[in-house]
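Enquirer: One structure coming up, written as structure tokens, with questions to follow.
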Amino acid sequence: MSDATRRSAARLASIRDRVESGMDRREFVRTLVTGGYAIGMARLLGVEDFLAADDGEVPVVTALVRRDPADPWSLEERTAYVPADWYAAVEKAIELNDRLSRAAFTGYLGSAVVPDPYDEGGAAVSVGVSGDLDSVRETIGEIADDVSLDLRTVLDVDSLEDDSDHYRPRMVESVTDSRVPAGVACETASSLATLGPAVFDPEDRRQYFVTADHAFDDERSDADASLSLPVSTEAPVELGSVRRAHPVEDIALVEPGGSLSPSTWIDAPEPVRIRGQLTRWGLADLVARGEDLEKVGALTGHTTGRVQGFDAVTCFTEEFCRRGQIRWGGEMDLTDGDSGSVSYYADPEGGERDVLIAGFNNARTWWPGQNYVWGVAAYRVTEQHGYHF
């Protein structure tokens, strides 16, 4: 048994000794946090979840899932049990990744948390930098605190070749249903994007169409920027106007303005139904198990690819950094016009066609040495704005 495993097991036993089944939620959260567990996870767990774990394991919330598939407000947490030493290593990598992104040292362009497989019990932080690797390594080494680092030099981040002309947009053939599935083309006044699935806002108990916010870049001065649905056999149909724009997360919520409504189905080769969404720890679990995500874009269609990292920070394309991103797949899984699509994973406890949303797909690498798609994770959108799938 490693020293890290011994420490994790001792900490777990100590906390268990302090946890009583009769304590209220506030006392329970305080007990876990003072014992070194993340406050975000502690708030989601219950006493029973924690006490049900075997020795050397801790409970984590991996997904928010609808109890009733037809009721978007019936979300409940799904819990899994993971090795305590693995959890401690990933939590440490999450903390280091956050520190790196806030240190704003010269040359930093982004980073991501990459958990090891469960039987290896560790985690790394993948860091993209510009400039001299030795000087960056020396700077990072002062705050790395025993977490493995994978440093990659990123060159030529200013140019991107548009290859969307090689693809034909996936448009609905006719409007025969009042609900429009995700994964088909949608249009702004100046751009083509991919329509995402229905997004729900618990604050106003309403549902919205959603796509990439950058598709509206040329309409920023238009207070009534609208989204339409191109139809291959008919004239385009207006979906509605932008109600809420979130440039940092790169999503725009469009309020339905006609007879059409957003759908919880994705127009995959075999259509799939959204049952919920993955959490931060759900994504960590997928990385540890070497699992793939899927997506359906308006141009490249259906693709799959391995999850490469989560809690990623990207500072490549704007003056600000985007946090809470997912890295998955490869450059060929996305092109201009696919932005706004979602990545998803088959629900292991749901029906044959049920899936869990991982996040949005809004950009891809275009430089040597790295190869992935990125976009904001569903858990980040929920944390920042309360919206969910």
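Enquirer: Please go through region 56-135 and write out the trypsin sites (Lys or Arg not before Pro) that DSSP classes as loop and that have at most 15 other C-beta atoms within 10 Å. Don't skip to the end; give the middle numbers.
Expert: Working: sites: Arg66, Arg67, Arg78, Lys92, Arg99, Arg102; in loops: Arg67.
Hits after loop and neighbour filter: Arg67.
Enquirer: Over the residues of region 171-210, compute the C-alpha Rg and express it relative to 2.2 N^0.38 Å.
Expert: 1.33
Enquirer: Among 204-216, 171-183, how do they line up by average Cβ neighbours within 10 Å per residue, starting with the highest?
Expert: For the peptides 204-216, 171-183, the packing ranking is 204-216, 171-183.
Enquirer: Heavy atoms only, 1.4 Å probe, whole protein assembly: order Tyr108, Tyr344 by accessible area, highest first. Please report the intermediate quantities before stating the final value.
Expert: Working: Tyr108 25, Tyr344 5 Å².
Final ranking, largest accessible area leading: Tyr108, Tyr344.
Enquirer: Based on the Cβ-Cβ distance from Tyr81 to Ser190, what FRET efficiency comes out when R0 is 45 Å, to the nearest 0.05?
Expert: 0.35
Enquirer: Of all the Cα-Cα pairs you can form in region 54-389, what percent are over 26 Å apart?
Expert: Working: 26321 of 56280 pairs.
Every Cα pair in region 54-389 considered, those over 26 Å come to 47 percent.
Enquirer: Also: Could you work out how far apart the two model spin labels at Asp177 and Glu120 are, taking each label as a point 7 Å from the Cα in the direction of the beta carbon, and quote it in nm?
Expert: It is 4.2 nm.
The values are calculated or read from the model by the stated rules, or taken from the named source; none is laboratory data. Please read these numbers as outputs of a predicted model, since none were measured by experiment. Cβ coordinates were reconstructed from backbone atoms using ideal geometry, including for glycine residues, and neighbour counts include every protein chain displayed. To get the accessible areas, we keep the full protein, side chains included, count just its heavy atoms, and leave off ligands, DNA and RNA. Shrake-Rupley method; radii C 1.70, N 1.55, O 1.52, S 1.80 Å.
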